[in-house]
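The values are calculated or read from the model by the stated rules, or taken from the named source; none is laboratory data. Computed from a prediction, not measured in an experiment: that's the story for all the values here. Please note: Cβ atoms are built from the backbone with ideal geometry, for glycine as well, and neighbour counts cover all protein chains shown. Side chains are part of the model used for accessible areas, which takes the heavy atoms of the whole protein and leaves out ligands, DNA and RNA. Shrake-Rupley method; radii C 1.70, N 1.55, O 1.52, S 1.80 Å.
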Amino acid sequence: MNMRSRTGPFRLSLFSLAIALAIPASAAAESPSRKDIQMVAPALDKYTQDRLLGEVWKRPGLSSRDRSVVTLAALIGRNQTIALGDHFKLALDHGVKPTEISEIITHLAFYSGWANATAAVVIAKDVFAERKIAADQLPAEAPALLPLNEVAEADRAKRVSDQFGAMFPGVVQYTTDVLFRDLWLRPDLAPRDRSLVTISALIANGQAAQLTGHIPIGMNNGLTQPEIAEAITHLAFYVGWPNVFSAMPVAKQVFEKRAR
Amino acid sequence: MNMRSRTGPFRLSLFSLAIALAIPASAAAESPSRKDIQMVAPALDKYTQDRLLGEVWKRPGLSSRDRSVVTLAALIGRNQTIALGDHFKLALDHGVKPTEISEIITHLAFYSGWANATAAVVIAKDVFAERKIAADQLPAEAPALLPLNEVAEADRAKRVSDQFGAMFPGVVQYTTDVLFRDLWLRPDLAPRDRSLVTISALIANGQAAQLTGHIPIGMNNGLTQPEIAEAITHLAFYVGWPNVFSAMPVAKQVFEKRAR
Amino acid sequence: MNMRSRTGPFRLSLFSLAIALAIPASAAAESPSRKDIQMVAPALDKYTQDRLLGEVWKRPGLSSRDRSVVTLAALIGRNQTIALGDHFKLALDHGVKPTEISEIITHLAFYSGWANATAAVVIAKDVFAERKIAADQLPAEAPALLPLNEVAEADRAKRVSDQFGAMFPGVVQYTTDVLFRDLWLRPDLAPRDRSLVTISALIANGQAAQLTGHIPIGMNNGLTQPEIAEAITHLAFYVGWPNVFSAMPVAKQVFEKRAR
């Protein structure tokens with residue numbers, strides 16, 4: 001591949017070739033520019049500027065950092081890689097740590113499917129390289145785990161086992177061993193944030209029924225009702241109104257039951 | 001392909017290079033050719049020709065124009081960009097106006113999620129450029145809105161506010177201010193077409209429960225029961241039988257209730 | 001940029017150019033390498049190696065061949081092309097025949113939507129070319145069909161027609177003519193495997209309610225209850241825990257009803 005020994009006048013360097021080659025390839029995965037949006041849907045640009053960026057992201061009920069966590073969960077959960085690179089960068093700018101992004105991706109392998117996580121890795125890798133985030137800034141593969149609430153976990157395990165243990169022993173075993181006695185206890189993403197990610201992914205994928213279990217877990221992990229409500233408002237824009245209108249009645253019931 | 005014998009002037013122009021470069025990049029987003037399909041799944045090609053193109057698109061219950069609107073809603077609603085370029089072109093050929101395509105994309109930002117709309121912009125931009133559709137053929141950013149049915153909207157707003165206003169004030173406010181007092185009143189896509197897009201996106205995303213609200217809105221906006229039924233037949237092919245079999249019982253109940 | 005003035009030796013062959021060109025284009029659709037995953041999410045790599053590849057794929061309840069069928073259905077059903085190339089190859093290595101892959105893609109056009117199938121064709125085409133799978137190894141376009149169980153089909157058709165025939169004649173007609181009297185009888189994918197594909201795609205897309213019909217069809221086609229339960233365990237990783245926790249209560253009810 002050494003081209004320096006070339007003797008004739010050759011001015012198209014491999015470097016410029018690489019640049020040229022890179023453009024069409026990465027373009028496929030990149031968000032459209034504001035000008036692109038204006039050339040197709042001026043109203044979409046206006047709503048993006050006035051409402052989404054101008055209002056929603058600035059609402060007081062949820063920090064920019066939490067909004068980034070919710071947005072990442074929505075995009076990874078729905079396998080929407082097009083805007084993901086920009087949102088990884090925005091998340092880092094909002095104070096989401098590289099370790100947390102790493103754990104969000106791993107968490108969502110379980111809560112939205114393996115291929116969603118691997119697709120996110122492809123995008124995150126380039127962002128991490130650009131931001132010079134190296135291996136020593138990532139979570140350990142097998143760190144010391146957070147302490148387990150043995151009583152609550154035994155109760156959860158019993159309920160799931162009673163309902164599904166006889167027929168679906170594999171799922172029940174992995175739910176206990178891998179999810180609740182391992183993944184959820186990994187220290188580089190707080191349980192409260194894991195719940196925010198899980199709840200967001202459930203809403204993003206139209207899995208409203210599963211909120212009955214995960215909103216109470218989230219509130220036990222420190223999420224407040226107004227925070228969850230504000231996450232739902234934020235999600236309306238990123239996962240569409242219908243998913244949110246399916247989630248609200250379920251969330252409402254959970255909130256009311258908990259208030260009693 | 002042997003180039004080692006080359007000694008004379010180099011004839012691979014940058015133009016041909018650009019062509020070569022364009023192929024792999026755009027291939028990622030392009031539908032397979034008929035030959036490609038035949039090389040993998042001859043039966044799929046046969047069903048496409050005989051049933052989908054040969055029959056479904058020609059059924060009398062819905063115009064080609066409306067079928068294109070339904071198909072665009074299904075593809076954008078499910079973020080399936082692979083066939084979207086071809087279907088934008090087909091939609092233009094079927095008489096869907098550029099302004100309408102623009103508004104369909106904006107509408108679906110709200111009804112299927114922001115990233116679905118931005119992904120559609122990337123594809124539409126190239127089609128608009130190819131068809132020489134310039135900025136002056138696009139909808140105004142902030143046009144004079146259609147008149148509002150104040151009574152119906154006040155009724156809708158009250159019901160949603162009574163149910164969700166206390167717990168989810170953000171969603172309730174945006175639903176009124178941005179959706180029903182702005183988006184739905186933009187003049188470049190008729191309310192009847194917005195309903196066709198919305199209903200199609202709901203079915204495409206397995207959000208059958210939300211049809212209870214949106215089919216009556218659609219019929220108030222001028223969609224007929226046979227048109228909705230025929231859209232559902234069309235959608236069976238584009239969003240899969242299971243989504244349609246989940247939608248039909250809900251639609252049936254709505255039709256029966258309305259007939260009383 | 002004018003290259004016509006070149007006179008010296010030019011050693012960058014078109015072949016190496018093609019290689020270079022191929023990299024960015026295919027990269028977009030390729031799974032990340034193990035190293036890529038480690039550079040972003042070391043825990044994801046560990047879970048992939050220890051649990052998914054090290055345990056799940058080796059569990060005795062379902063053959064590697066069936067696990068590949070389930071995985072392909074999940075990925076095509078969710079339009080997740082990123083890992084699909086690798087899984088087509090793995091499926092071939094596990095003994096899934098090219099004719100079966102071809103029929104799985106065609107089957108899923110109907111059970112998850114046309115664009116899912118065409119996106120899968122784009123990936124499969126390259127794998128088939130690489131493995132030198134030519135047209136004579138593909139299913140016939142219109143082969144002699146398997147014998148129909150006239151009684152069972154008449155019963156199914158009557159139930160669907162009674163419920164939906166008056167309102168949705170198009171769907172009802174295509175369900176009979178194209179699905180149950182044609183697609184399901186194509187000989188190159190066994191009815192038992194079509195059921196495995198269908199059930200997997202339903203779970204993959206959150207269509208749990210449709211399992212009520214399709215699990216009994218699958219068991220009539222030869223799938224056993226433990227096989228379905230094990231497919232659900234496998235799917236937990238590929239389509240996410242929430243889809244599986246929505247599917248289990250429905251599957252449980254069907255199993256219990258059938259046991260009576």
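Assess whether residue A:40 counts as being more than 13 Å from chain B (Cβ to nearest Cβ), of a type in the set (Val, Ile, Thr) and touching a helix residue (DSSP H, G or I) at 6+ places or on another chain (Cβ under 7 Å).
Judged against the criteria, residue A:40 is not a match.
Can you pull out the residues in the stretch A:141-153 that are at pLDDT 95 or above and among the small types (Gly, Ala, Ser)?
Hit for the stretch A:141-153 is A:144, nothing else.
Going residue by residue through the stretch A:97-109, is there one that turns out to be in contact with a Pro (Cβ under 8 Å, 6 or more places away or on another chain), more than 8 Å from every other protein chain (Cβ to nearest Cβ) and of a type outside the set (Phe, Trp, Tyr)?
yes
Of the conditions (1) in a helix (DSSP H, G or I); (2) at pLDDT 95 or above, residue B:23 satisfies every one except a single condition; which number is it?
Against the list (1) in a helix (DSSP H, G or I); (2) at pLDDT 95 or above, residue B:23 comes up short only on (2).
Which of the residues spanning the stretch C:173-210 are of a type in the set (Val, Ile, Thr) and either closer than 22 Å to residue C:246 by Cβ or open to solvent by less than 20 Å² (accessible area, probe 1.4 Å) (or both)?
Result: C:175, C:178, C:197, C:198, C:199, C:203.
Would the stretch C:187-202 turn up any residue that is over 30 Å from residue C:229 (Cβ atoms), modelled with pLDDT of 95 or more and in a helix (DSSP H, G or I)?
no
Out of B:103, B:153, B:141, report the one residue that is over 30 Å from residue B:208 (Cβ atoms) and not aromatic (Phe, Trp, Tyr).
B:141
Scan the stretch B:131-167 for residues that are in contact (Cβ under 8 Å) with a residue 40 or more places away in the chain and touching a Gly at 6+ places or on another chain (Cβ under 9 Å) and report the count.
Count: 0.
Which numbered condition trips up residue A:170, out of (1) touching a residue at least 12 places away in the same chain (Cβ under 8 Å); (2) open to solvent by less than 20 Å² (accessible area, probe 1.4 Å); (3) more than 20 Å from residue A:96 (Cβ to Cβ)?
(1)
Could we say that residue C:160 is away from chain A (no Cβ under 14 Å), open to solvent by 60 Å² or more (accessible area, probe 1.4 Å) and among the β-branched types (Val, Ile, Thr) here?
Considered against the rule, which asks whether it is away from chain A (no Cβ under 14 Å), open to solvent by 60 Å² or more (accessible area, probe 1.4 Å) and among the β-branched types (Val, Ile, Thr), residue C:160 comes out as no.
Name the residues in the stretch A:206-260 that are over 28 Å from residue A:49 (Cβ atoms), within 10 Å of chain B (Cβ to nearest Cβ) and outside any helix (DSSP H, G or I), would you?
Matches in the stretch A:206-260: A:206 only.
Name the single residue, out of those in the stretch A:123-144 being at the interface with chain C (Cβ under 7 Å from one of its Cβ atoms) and open to solvent by less than 40 Å² (accessible area, probe 1.4 Å), that is farthest from residue C:41 (Cα to Cα).
If we take residues in the stretch A:123-144 being at the interface with chain C (Cβ under 7 Å from one of its Cβ atoms) and open to solvent by less than 40 Å² (accessible area, probe 1.4 Å), then A:128 is farthest from residue C:41 (Cα to Cα).
For residue C:220, state whether it is more than 20 Å from the chain's Cα centre (by Cα) and polar (S, T, N, Q).
So residue C:220 passes the test.
To keep it simple, each residue is scored yes or no on (1) open to solvent by 10 Å² or more (accessible area, probe 1.4 Å); (2) closer than 30 Å to residue A:88 by Cα; (3) in contact with a Phe, Trp or Tyr (Cβ under 8 Å, 6 or more places away or on another chain).
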{"position": "C:34", "(1), (2), (3)": "yes, yes, no"}
{"position": "C:39", "(1), (2), (3)": "yes, yes, yes"}
{"position": "C:61", "(1), (2), (3)": "yes, no, no"}
{"position": "C:75", "(1), (2), (3)": "no, yes, yes"}
{"position": "C:78", "(1), (2), (3)": "yes, yes, no"}
{"position": "C:94", "(1), (2), (3)": "yes, no, no"}
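Given the conditions (1) touching a residue at least 24 places away in the same chain (Cβ under 8 Å); (2) open to solvent by 10 Å² or more (accessible area, probe 1.4 Å), report the number of the one that residue A:120 does not fulfil.
With respect to (1) touching a residue at least 24 places away in the same chain (Cβ under 8 Å); (2) open to solvent by 10 Å² or more (accessible area, probe 1.4 Å), residue A:120 is out only on (2).
Are there any pairs with C-beta distances below 8 angstrom linking a residue in the stretch C:51-66 that is away from every other protein chain (no Cβ under 12 Å) to a residue that is surrounded by fewer than 17 Cβ atoms within 10 Å (Cβ to Cβ) and not in a helix (DSSP H, G or I), with the two at least 6 apart or on different chains, and if so which?
Going by the 8 Å Cβ cut-off, the qualifying pairs are C:64/C:95; C:65/C:95.
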